[in-house]
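Trainee: Here's a structure for you.
Computed from the coordinates by the stated procedures, all read-outs in this text should not be read as laboratory data. No experiment lies behind these values; they were computed from the predicted model shown. Every residue, glycine as well, gets a Cβ built from its backbone with ideal geometry; the counts of neighbours run over all protein chains shown.
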Amino acid sequence: MPNGRPTRLDARADLRAITTRALAYSTADEARVVARTASTGQSRFAGGEITTSGSATDLTVTVVSTVGK
């Protein structure tokens, strides 16, 4: 983890752990877990220079379960 930030490989491993854990909670006959991430960034300029910048990453986990067939 360079600079304290997860690498792409770490992020994949984290997503797999999250989805596996969510799936383990299911007692349904069938279940599917979908994880999506989205990243955004912004910069603010003043006087021809960047004065403020930031970024955000969102994670959405959806569980779809079927009980009975």
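Trainee: I need the shape label for region 7-69. Rule: rounded when a/c is under 1.5, else prolate if a/b > b/c, else oblate, with a, b, c from the alpha carbon gyration tensor.
Mentor: prolate
Trainee: Also, quick follow-up: Starting from the Cα of Ser39, step 7 Å along the direction of its Cβ; do the same at Asp58; then give the gap between the two resulting points in nm.
Mentor: 1.7 nm
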